[in-house]
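Engineer: Can you keep this structure in mind? I'll have questions shortly.
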Amino acid sequence: MKDILKLTVTELSLKLAKRELSSKEVTEAYLRQIADRDERIGAYITVCDGEAIDSAERVDAKRAEGDKLSPLAGIPVGIKDNICTRGLRTTCASRMLKAFVPPYDATVVERLHALGTVTLGKLNMDEFAMGSTTESSYFKKTRNPRSIEYVPGGSSGGSAAAVAADEAPFSLGSDTGGSIRQPASFCGVVGMKPTYGSVSRYGLIAFASSLDQIGPMTKNVCDNALVLNAITGHDRRDATSVSREYGDFTEELALGVKGMKLGLPDEFFGEGINGEVKEAVLGAAKVYERMGAEIVPVSIKMLDYALPAYYVISSAEASSNLARFDGVRYGYRSESYSDITELYKNSRSEGFGTEVKRRIMLGTFALSSGYYDAYYKKALQVRTLVMNDFARVFERCDCILAPVSPTTAYKLGEKSASPLEMYMGDIYTVPVNIAGIPSLSLPCGTDKKGLPIGMQLIGKAFSEATLYRVGNAYETECGVYHLLREGEQYEAY
Amino acid sequence: MEQNEKKPFINVEAVAELARLSLNDAERTAMGNEMAAIVAFAHKLSELDCENVPITAHVEPLFNVMREDKTEKSTERDALLRGAPTKAEGYFTVPRVVES
Amino acid sequence: MKLIKDYELVCGLEVHVELATSTKIFCSCPTTFGAEPNTQCCPVCTGMPGALPVLNRQVVDYAVMAGLATNCRIAGYSKQDRKNYFYPDLPKAYQISQYDLPLCEGGYLEIETEEGKKRIGITRIHIEEDAGKLIHDVRYGTMIDCNRCGVPLIEIVSEPDIRSAEEAVAYVKKLRAVIMYTGVSDCRMNEGSLRCDVNLSVRKKGSEKFGTRTEMKNINSFTFIREAIEYEYKRQVEILEAGGAVVQETRRYDSETGETYSMRTKENANDYRYFPDPDLPPVILTDKEVDALGKAIPRLPDERKAYYTEKYGLSEYDAELLTENKRAADYFESVAEATDYPKLAANMMISELFALLPPDLDEVSIPIEPIHIAALATMAGEGTINSSVAKKLLRRIYETDSDPVKMVEQEGLAQINDAVLLKKYVDEAVAADTKSVTAYKAGNTKAAKAIMGKVMAMTGGRGNPAVINELLEAALLKL
């Protein structure tokens, strides 16, 4: 059983195709792991035991009949609980949606189902994807499988922890300001925030419409590319999805980095960064140089402005996106109200947690009469400047190498006191969302406490194949972090 | 905002009203302080002169994304009403609204 | 409308028109009227989590056509914005509309007033989605039907150029006619596919400054528009005359009492926090596309009016009446093509046929084949039948839609033009009605009418009135 849990998606795919393993066996192995570990880890909000086995058996039956199946057929997956799954509770880790059962699937879920994946369950997150520690979940806290006194990061904390704890071979998360990349770096797994518009947002419960993207979280780079192949593509139900030839993201994996230029942005290694993190990322740069890449110093002058712009834009859009949660047609409704105004106020005040309310208030303020120009409009102008900054840098390098977070994982409860302090942790991830460009987060070291350190590879729009190439080169040279930590992992429990 | 020094006055109650949130006294105070801190942080944007900088509302240069005027099957009413806290005779229901 | 002292009325209208597309503006649900509640809905139009809007191409096309038909400039670049507020008929708690870059701007419509033609400016036309329907019920509170959520609307905002209740009605009638002619909406006021909001203020004539204005929402008949404006004008003048100030607010017009009432809701103080909708890319239109849409517009009322007055010799007034409603105009044209007496046909339609139809021409189609009206006009024009027979026949074929030519034949209704026969009747009548003859000779010219009536009776109503008249005059002169 341990062996099955150690297999990557790529390996599982081969074994399933050769019928050396059945989907049922794989699914049962993961369900057993969840049963054993998740009480401690808390990655899952909902687990679908029965349905998962049924799905798995259906795929096995098809394979027995000789049907040609996709590479992902029969492989289990965990899905972040802000992605709608028909007939399966989708809560956004909020009291507001604690009993919400969508009558439709998100497009990415439809696509994965069509390919034959097996849904293990819905994964924990910060409430409505607002947060960096998963501590704001209405249901439970998720623990970092590498060290259980620590947070897994957020908002896709459950998605990262599930992969790190071998409770899912891969998972889907979402990234608005770093919510895939940061938990990936805190938990020592691989996460990709794809180019804005490449993965359909239909069925993703919106936080910030111009920033949100769904992306895969996996044990290694190769798996990540495989999954991204499955979920990218134009969707006529999402007017912001881009129609183009996406190609095969695994194509360039083995090409190596000889002759490539990797940009190291000055500003990302400034005052705020933790010494060990800085060392690890610079260490990765040295590894790349060893492999034949050229390290080029570059400058993202707008770094300091991207964070305030991000908080203005994301809060403003969130305040509008979350207004539909009014207790009228679905979701939580307060027990006490005497008129419609009280119904709205009480349902929303009781249904939403503190961080969510804070963002709604901020966003409402930023859009309000008299402040729109100074905050929201200004932030949209700053976005132009950030995009220009990146465009200039990409003229001089193939991709950017940078830290994901100024620190490694915080202790549970450490960051709850000051929201602003917590927001500061997003400094290196938000510029990527503002510009709508892709970024791959993968582990590049471990700190003295045993916590993983992550680096991100940032590319220009639609250059994911390049990022996977560069990421894969690192793994080929240094090994897959998740698999290397095998022995240590179980000590943490 | 041209002056870098001016900090905006945040009418927490008015904002809460617009957002249909009710805050008790303690919450209002805490929210006020937190918002002031975050807004002061966002104030950093006023350092930049964006006089001739166009806004970017959409990162992808898409336009004219439209669909044909062809009907498709609607969602079954039962499915739509399933999550409704109160309903009657095929309608969603709320307390009587004074006509506006 | 009578002005009080020298207070001028300043009025602008916001007209919402439902577009006649098959599907809603942002989703593919049907838009048909009158379905069972919540049976034409989906996650998008009910604001469910994760749902996203996609713009209906036909909505843009129709809105552009409406803009071209009202002489607007069409924007090469326009976008959609979110208007945020809470109300139970608004599922997303924001309405997707257009704020600062609408599709159409700077147009106008010409209306007929007592002083002649007048131009009413149109500030802008933009696209937006409709909200749901609320039904208030004692048992359940307020019931919400989302079928109408997402039905596409254009909002047509006029400049405050209107100076009387009559002008307001003329404007709405003209706007409705023009829009109906383009085919983009059926403009049924009683079904809510055309709704009017009235903005009104008063000021002393000659003053440049605008007075404080009030808004009356959702007034849905020409009569109510006129009454509401007259009442509100008077109310505001009375306030100012008494030294008070008009409060800027939304008021409700009550058609029962004929008065307006303050609504005094907090909604008046709404901050809509408009911002560009991040889910919807902008709309870019080329001159070529706009021209193509322009060509797709059928002939508009003014063009048809000009055609009728030039080609058929109709009066401006008659032409205006016929073009007020597209169905009537189309009908008239079918008739006019089939007869050499179009002016007569127009007369028949206006004075006789319209009186027979129910007041709202939208509802009922004219139950007479155009060729039958044409035949009637031809027969009357050629003198085959007289005008009173024509009138009677029209009423009869309205019931039965029979062929009037056959009826004339079979029933022998043809006009009697035979002067010899008619002279016989005239002489008989004159001889019989000595009283009238005496009165006529005494100077009462009206007495001749009585004799005329008797002659007509003798002919079974079919005598040629002109010939009879001539003969009668001659006969009376001789006496």
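FYI, it's all coordinate maths here, none of it is from the lab. What you are looking at is a predicted structure, and each value in this text was computed from that prediction instead of being measured. Ideal geometry is used to build each Cβ from the backbone, glycine not excepted, and the neighbour counts take in all protein chains shown.
Engineer: Can you sort A:Glu39, C:Glu155, C:Glu166, A:Glu65 from fewest to most other Cβ atoms within 10 Å of each residue's own Cβ?
Structural biologist: By the 10 Å Cβ count, ascending, the order reads A:Glu65, A:Glu39, C:Glu166, C:Glu155.
Engineer: Just want to confirm a number: the relative contact order over chain A, from Cα pairs under 8 angstrom separated by 6+ residues, in percent.
Structural biologist: Once normalised by length, the contact order is 18 percent.
Engineer: Give me the dipole magnitude in Debye, nearest 20, for the protein assembly as shown about the Cα centre, with unit charges on the beta carbon: positive for Lys and Arg, negative for Asp and Glu.
Structural biologist: For this selection, approximately 580 debye.
Engineer: Here's something else I'd like to know. Report for chain A the percent antiparallel among DSSP-assigned beta bridges with both residues inside it, nearest 5.
Structural biologist: Just about 65 percent of them are antiparallel.
Engineer: Calculate the dipole size of the range C:7-291 relative to its Cα centre from +1 charges on Lys and Arg beta carbons and -1 charges on Asp and Glu beta carbons; express the result in debye to the nearest 20.
Structural biologist: 280
Engineer: Any idea what diffusion coefficient the protein assembly as shown gets from Stokes-Einstein, in µm²/s, Kirkwood Rh on alpha carbon pairs, 4 °C, 1.567 mPa s?
Structural biologist: 39
Engineer: Which of B:Ala14, B:Ala79, B:Ile55 sits closest to the plus end of the dipole of the range B:3-94, meaning its Cα is farthest towards the positive end, when Lys and Arg get +1 and Asp and Glu get -1 on the C-beta?
Structural biologist: B:Ala79
Engineer: To continue, here is another question. Is the shape of chain B best called rounded, prolate or oblate, per the rule: a/c under 1.5 gives rounded, else a/b larger than b/c gives prolate, else oblate, with a ≥ b ≥ c the square roots of the Cα gyration tensor eigenvalues?
Structural biologist: Oblate, because a/c is 1.5 or more while a/b does not exceed b/c.
Engineer: In debye, nearest 20, what is the charge dipole magnitude of the range B:1-51 about its Cα centre with +1 on Lys and Arg Cβ and -1 on Asp and Glu Cβ, if you could check?
Structural biologist: I would put it at about 160 debye.
Engineer: For a quick check: with amide H placed at 1.01 Å from N, whose amide H comes under 5 Å from C:Cys42's, ignoring anything fewer than 5 positions away on the same chain?
Structural biologist: So C:Cys42 has HN proximity to B:Thr75.
Engineer: What trypsin sites (Lys or Arg not before Pro) does the range C:424-458 have in DSSP loop regions with at most 12 other beta carbons within 10 Å?
Structural biologist: In loop regions of the range C:424-458 (DSSP not H, G, I, E or B), the sparsely surrounded trypsin sites (Lys or Arg not before Pro) are C:Lys446.
Engineer: Å³ per residue of the Cα convex hull, for the range B:1-51?
Structural biologist: 83
Engineer: What is the sum of charges, Lys and Arg at +1 and Asp and Glu at -1, for the other residues whose Cβ falls under 11 Å from the Cβ of A:Glu414?
Structural biologist: -1
Engineer: Could you tell me what percent of the DSSP beta bridges with both partners in the protein assembly as shown are antiparallel, to the nearest 5?
Structural biologist: Antiparallel bridges make up about 85 percent of those DSSP assigns within the protein assembly as shown.
Engineer: May I ask what percent, to the nearest 5, of DSSP beta bridges between residues of chain C are antiparallel?
Structural biologist: Given both bridge residues lie in chain C, the antiparallel proportion sits at roughly 95 percent.
Engineer: Then there's this: Using the Karplus curve 6.51 cos²θ - 1.76 cosθ + 1.60 with θ = phi - 60°, what ³J(HN,Hα) values do you get for each residue of the range C:144-161, in whole Hz, with x for Gly and Pro?
Structural biologist: Going residue by residue, I get 10, 10, 8, 4, 7, 4, x, 5, x, 10, 10, 10, 10, 9, 8, 5, x, 8 Hz, with x marking Gly and Pro.
Engineer: Just name one of A:Tyr344, A:Gly272, A:Thr85: the one whose Cα is farthest towards the positive end of the charge dipole of chain A (beta-carbon charges, Lys/Arg +1, Asp/Glu -1).
Structural biologist: A:Tyr344
Engineer: Taking amide hydrogens as modeled 1.01 Å from N in the peptide plane, which residues meet the under 5 Å criterion relative to C:Ile162, leaving out close sequence neighbours?
Structural biologist: Those lying under 5 Å, H to H, from C:Ile162 are C:Cys11.
Engineer: Now, a different point. Take the alpha carbon gyration tensor of chain C, find the square roots of its eigenvalues, order them as a ≥ b ≥ c, and report rounded if a/c is under 1.5; if not, report prolate when a/b exceeds b/c, else oblate.
Structural biologist: It is prolate, given that a/c is not under 1.5 and a/b is the larger ratio.
Engineer: Can you compute 3J(HN,Hα) from phi for each residue in the range C:463-472, using the Karplus curve 6.51 cos²θ - 1.76 cosθ + 1.60 with θ = phi - 60°, rounded to whole Hz and x for Gly and Pro?
Structural biologist: Per residue, the Karplus-derived 3J(HN,Hα) values read x, 6, x, 5, 5, 4, 4, 4, 4, 5 Hz.
Engineer: Let me ask you something else. If you take the charge dipole of the range C:78-171 about its Cα centre, with +1 on Lys and Arg Cβ and -1 on Asp and Glu Cβ, which of C:Pro152, C:Val138, C:Leu101 is farthest toward its positive end?
Structural biologist: Checking the options against the dipole of the range C:78-171, the answer is C:Val138.
Engineer: Give me a comma-separated list of calculated 3J(HN,Hα) values for the range A:382-396, in order, Karplus coefficients 6.51, -1.76, 1.60 applied at θ = phi - 60°, integers in Hz, x for any Gly or Pro.
Structural biologist: 4, 4, 4, 5, 5, 4, 4, 4, 4, 4, 4, 5, 6, 6, 10
Engineer: Which whole-number percent is the relative contact order of the range A:401-447 (Cα, under 8 Å, 6+ apart)?
Structural biologist: Computed value for the range A:401-447: 42 percent relative contact order.
Engineer: What shape does the range A:391-492 have by the C-alpha gyration tensor, where a ≥ b ≥ c are the square roots of the eigenvalues, rounded means a/c under 1.5, and otherwise prolate means a/b greater than b/c and oblate the rest?
Structural biologist: oblate
Engineer: Another one. From largest to smallest, what semi-axes in whole angstrom does the range C:299-411 give when each is the square root of 5 times an eigenvalue of its alpha carbon gyration tensor?
Structural biologist: So the equivalent ellipsoid measures 23, 16, 11 Å along its semi-axes.
Engineer: Nearest 500 deg cm²/dmol is fine: what mean residue ellipticity at 222 nm does chain C get from its DSSP H runs of n ≥ 4 alone, each adding -39,500 (n - 2.57), divided by its residue count?
Structural biologist: Helix-only estimate at 222 nm: -11500 deg cm²/dmol.
Engineer: For chain A, what Kirkwood radius comes out of the mean inverse Cα-Cα distance, in Å?
Structural biologist: Value: 22.3 Å, from the Cα pair sum.
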